[in-house]
Amino acid sequence: MPRAIALMVASTLTFGLMAICIRLAAATTHPFEITFFRNLFGLVFALPLLLRPGLALLRTDRFGFYVLRSMTGLGAMLTSVWALVHLPLTQAVAISYSVPLFVTIAAVLVLGEVVRARRWTAVVVGFVGVLVILRPQAGALPPAALVALLSAALSASSYISVKYLTRTEPADAVVVYMALLMTPVSLVPAVPVWNWPDATAWLWLVLTGLCGTVAQVCMTRAYRLGDVSALIPLNFVQLPFVAVLAWWLFGEHIDATTVFGAAIIVGANIYIARREARLGRRRVTDPRAGGDAAR
């Protein structure tokens, strides 16, 4: 478990560094270009995963699921980069904590899971936290905030696809296939806004791809080694880390409302994760406990 915690913290902080690199690259580069280069350099840094198993790692009879995961992942990435560029970094990061809330909803709609009163209450409480962060004026949300929420929803769809794939597919294959499929497709929206990056932007774009790949590899291994319900609270480490860097580099200030809203969302996520873990253990230890258990 200590190794899983270390990997999860490493993943969380590396994703935070990726967000900083994206904002730095955005000074001269369009978000759609950033997304393409994030995938391109992510592919470069993912290819070493093939060194030991070779192309055998990519043998699969579930290619269609890989395509689905990559398309939802690309949509999530495009909208996430847009939000990171157009929202205060701490706000964009805090909104991204709503992904597990959308996963719970998607589990009902796509996987047919039964979610009862307590988990639905946690989902509602989590979205209250989102509203606390966004503070909508006259019932309306800023367009960039809506894009951030769309990113969270698409990320949830991508997560559900991964949940299907990792039942039978190696985790490294999921990472490599994502980069292989998303790189050429992400070039399409980048072409109309293309502007060759300058020398400084190249540095941030390379680091964006490196951080994204390293963070995904660490996260995949952390979830394999540890209990998800124990690891999810560690995501909150990212917020003060990004807040300090955003203040230092961009002069952004985090406000108490954003912290409070993020804490509400993380608290809801912790409850949902621990509830799922408890029910999972119950199903394992008691074969009579089926899908109708109160949630």
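The values are calculated or read from the model by the stated rules, or taken from the named source; none is laboratory data. Predicted model, so just to flag it, every value in this text is computed and none were measured. All Cβ positions, even for glycine, are placed from backbone atoms using ideal geometry, and neighbour counts span all protein chains on display. Only protein heavy atoms, including side chains, enter the accessible area calculation; ligands, DNA and RNA are left aside. Shrake-Rupley method; radii C 1.70, N 1.55, O 1.52, S 1.80 Å.
Things to note:
- Residue match in region 28-37 (condition: within 15 Å of the chain's Cα centre (by Cα), touching a residue at least 60 places away in the same chain (Cβ under 8 Å), farther than 29 Å from Val124 by Cα and surrounded by 24 or more Cβ atoms within 10 Å (Cβ to Cβ)): yes
- Restricting Val123, Val174 to those that are outside any loop (DSSP other than H, G, I, E, B), open to solvent by less than 50 Å² (accessible area, probe 1.4 Å) and in contact with a Ser or Thr (Cβ under 6 Å, 6 or more places away or on another chain) reduces the list to Val123.
- Among the residues of region 242-259, those that are open to solvent by less than 60 Å² (accessible area, probe 1.4 Å) and more than 19 Å from Ala26 (Cβ to Cβ) comprise Asp255, Thr257, Thr258, Val259.
- Meets criteria (in contact with a helix residue (DSSP H, G or I) (Cβ under 8 Å, 6 or more places away or on another chain) and open to solvent by 20 Å² or more (accessible area, probe 1.4 Å)) for Ala148: no
- First in region 261-275 and part of a helix (DSSP H, G or I), second anywhere and hydroxyl-bearing (Ser, Thr, Tyr), Cβ under 7 Å, 6 or more apart: Ala262/Tyr97; Ile265/Tyr97; Ile265/Ser98; Val266/Tyr97; Asn269/Tyr97; Ile272/Thr104; Ala273/Ser229; Arg274/Ser229
- Taking every residue in region 1-27 that is under 17 Å from Leu205 (Cα atoms) and pairing it with any residue that is surrounded by fewer than 22 Cβ atoms within 10 Å (Cβ to Cβ) and aliphatic (A, V, I, L, M), at least 6 positions away or on another chain, the pairs with Cβ-Cβ distances below 6 Å are Thr14/Val214; Thr14/Ala215; Phe15/Ala215; Ile20/Leu245; Cys21/Leu207; Ala25/Ala201; Ala26/Val85.
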